[in-house]
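Working notes for the structure below.
The values are calculated or read from the model by the stated rules, or taken from the named source; none is laboratory data. It should be emphasised that the depicted structure is a prediction, and the values quoted were computed from it without experimental measurement. Here the Cβ positions follow ideal geometry from the backbone for every residue, glycine too, while neighbour counts run over all protein chains shown.
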Amino acid sequence: MIPLRDENPLRITPWLTYLLIAANVGIFLLEFTGGLGQSETGFVGALAGYSMVPAEITRGIDLPTNGVTVRPLWLSLFSCMFLHGGWLHLLGNMLYLFIFGNNIEEALGRVRFVLFYLLCGLCASAAQIAVSPGSVIPNLGASGAIAGVLGAYLVLFPTAKVDTLAFLAIFITRLRVPAFVILGFWIVSQFFSQFLGSQATEGESGGVAYMAHIGGFVAGMILIKLMGGKAPAPSPYGAYDVPDIHTGANYRR
């Protein structure tokens, strides 16, 4: 299932969500124009050292798998969140961030949202390092941080409707489903891929760090509560009108 949009109105302009998307796209364009490439031994290019290698973090040494790593080494835990391995990797991540990130930004406020996003990314990397501490495979991508956004959305807006493109055998159809269906499907698929994937090696399967997705998602579910994130409160009469800043329409929820 691929989400297309959610029916969860906003009362703010989510500037930080847009800024995160712009930052990821901008850095990817630098990668695309020669900043990052792949060789038989790992990544090469000016941005290669900004990926995160679990063994470098656990051993505290720079390994020759991604060029000279950013110093100090722990900074790669942050920089890796803004790198992507290809167009599909980037577009998939940015789609989920665009659809689900804006409401979490509103629920937390801008400052806490940035902190939440980065903490989820760190927790995602920690989960991946925990299952593959000796791995020399470079990790990169915003997936872990965005997984945290999805976990938070599931906690705060489980029944928000999401327009979804669904693939049923040879048929493609468009469905309108509650958020808990598509987000539940997503996290269950990550667990299956991590723990039941026949090709799983050192916590990584098919080049995808599924444990990072799981770690980020769980972190998001916990942190959204610890950081005081709240959905808009309903009126005493059981519903409220919320103007959508993009259309000007009022939604009764």
*Would you tally the residues in the stretch 114-162 being modelled with pLDDT of 95 or more, closer than 23 Å to residue 87 by Cβ and of a type in the set (Val, Ile, Thr)?*
2
*asked:* Every residue in the stretch 130-189 that is farther than 30 Å from residue 60 by Cα and among the polar types (S, T, N, Q), please.
replied: 159, 164, 173, 189
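Sort out for me the helices (runs of 4 or more DSSP H) sitting completely within the stretch 1-115 that have 3 or more residues that are under 19 Å from the mean Cα position of the chain (by Cα), within 28 Å of residue 178 (Cβ to Cβ) and among the polar types (S, T, N, Q).
Per the criteria, 87-108.
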*Exactly one condition in (1) touching a Leu at 6+ places or on another chain (Cβ under 9 Å); (2) more than 30 Å from residue 10 (Cβ to Cβ) is not met by residue 80; state its number.*
(2)
*Of the numbered conditions (1) modelled with pLDDT under 90; (2) surrounded by 13 or more Cβ atoms within 10 Å (Cβ to Cβ), residue 198 fails exactly one; give the number of that condition.*
(2)
*Output the residue which, of all residues in the stretch 116-132 that are part of a helix (DSSP H, G or I) and in contact with a strand residue (DSSP E or B) (Cβ under 8 Å, 6 or more places away or on another chain), is nearest to residue 50 (Cα to Cα).*
125
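Output the residue which, of all residues in the stretch 53-92 that are more than 19 Å from residue 128 (Cα to Cα) and in contact with a helix residue (DSSP H, G or I) (Cβ under 7 Å, 6 or more places away or on another chain), is modelled with the highest pLDDT.
90
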*Is there a residue being under 23 Å from residue 13 (Cα atoms), part of a loop (DSSP other than H, G, I, E, B), of a type in the set (S, T, N, Q) and touching a residue at least 12 places away in the same chain (Cβ under 8 Å) anywhere in the stretch 136-159?*
yes
*Would you pick out the residues in the stretch 107-162 that are in contact with an Asp or Glu (Cβ under 6 Å, 6 or more places away or on another chain), more than 26 Å from residue 67 (Cβ to Cβ) and surrounded by fewer than 23 Cβ atoms within 10 Å (Cβ to Cβ)?*
160, 161
*Can residue 166 be described as touching a residue at least 24 places away in the same chain (Cβ under 8 Å), small (Gly, Ala, Ser) and not in a helix (DSSP H, G or I)?*
yes
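Provide a single number: the residues in the stretch 11-27 that are crowded, with 17+ Cβ neighbours inside 10 Å and either within 30 Å of residue 174 (Cα to Cα) or in contact with a Ser or Thr (Cβ under 8 Å, 6 or more places away or on another chain) (or both).
Summing the residues that are crowded, with 17+ Cβ neighbours inside 10 Å and either within 30 Å of residue 174 (Cα to Cα) or in contact with a Ser or Thr (Cβ under 8 Å, 6 or more places away or on another chain) (or both) in the stretch 11-27 gives 6.
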*Go through (1) among the acidic types (Asp, Glu); (2) out of contact with any Pro (no Cβ under 8 Å at 6 or more places or on another chain); (3) crowded, with 22+ Cβ neighbours inside 10 Å one by one and return the number of the condition residue 62 breaks.*
(3)
